[in-house]
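Q: The structure follows.
The values are calculated or read from the model by the stated rules, or taken from the named source; none is laboratory data. Remember, predicted model here, so these are calculated numbers, not experimental data. In this analysis, Cβ positions are derived from the backbone assuming ideal geometry, glycine residues included, and neighbour counts consider all displayed protein chains.
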């Protein structure tokens, strides 16, 4: 190897080393300096109110007050699988956001919490899971059809109107039939 080739290799290694050091030093600056701690009961029952809390703190330990936390639950309905927003909470002066959630189904639940980091405004998330036992149905619909604004009085008025019209039409048929029979006079239809 000649001197020029060695210098070129050393320069390239030096440039790569400086780049690696710059990336290593910038890495912590780009990382989130938010410490997150979630608290969710390990197990609950269907219909029981479960409290889910998220504690957000800055890198120096000060609580992040006024940060909105969005809670999502992984679920499926009618063959569609995804996440549904189940609530929002804002962190208080201690950096804690709490959501009261009442599970409707038994099984394993995956909960994801999203928040926006202060300063850089990036959305970050954390997740946890819990199990729910029980199997009673929480909502039972009333029998029949419930149409807003339609009650028994309105239904009776409509039925009375329809039957009145039908009765009037029947009376008109009887009147027409009688009038047709009285209009005949003897001898008018006689043959000679």
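Q: Hey, can you tell me all the residues within the range 55-84 that are surrounded by 10 or more Cβ atoms within 10 Å (Cβ to Cβ) and more than 24 Å from the chain's Cα centre (by Cα)?
A: Selection gives 56, 57, 58, 59, 63, 64, 65.
Q: Determine whether the range 92-102 contains at least one residue that is in contact with a strand residue (DSSP E or B) (Cβ under 9 Å, 6 or more places away or on another chain), surrounded by fewer than 15 Cβ atoms within 10 Å (Cβ to Cβ), in the same structural domain as residue 47 (by TED's automatic domain parsing) and under 13 Å from residue 131 (Cα atoms).
A: Taking every residue of the range 92-102 in turn, at least one turns out to be in contact with a strand residue (DSSP E or B) (Cβ under 9 Å, 6 or more places away or on another chain), surrounded by fewer than 15 Cβ atoms within 10 Å (Cβ to Cβ), in the same structural domain as residue 47 (by TED's automatic domain parsing) and under 13 Å from residue 131 (Cα atoms).
To keep it simple, each residue is scored yes or no on (1) in a loop (DSSP other than H, G, I, E, B); (2) at pLDDT 85 or above; (3) at positive phi.
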| residue | (1), (2), (3) |
| --- | --- |
| 28 | no, no, no |
| 47 | yes, no, yes |
| 57 | no, yes, no |
| 70 | no, yes, no |
| 85 | no, yes, no |
| 89 | no, yes, no |
| 97 | no, yes, no |
| 104 | yes, no, no |
| 111 | no, yes, no |
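Q: Looking at (1) more than 60 Å from the chain's Cα centre (by Cα); (2) at pLDDT 90 or above, find the lone condition where residue 177 falls short.
A: (2)
Q: Same structure again: Here is a list of conditions, (1) at pLDDT below 80; (2) in contact with a strand residue (DSSP E or B) (Cβ under 9 Å, 6 or more places away or on another chain), and residue 124 meets all of them except one; can you say which number that is?
A: Of everything listed in (1) at pLDDT below 80; (2) in contact with a strand residue (DSSP E or B) (Cβ under 9 Å, 6 or more places away or on another chain), residue 124 misses just condition (1).
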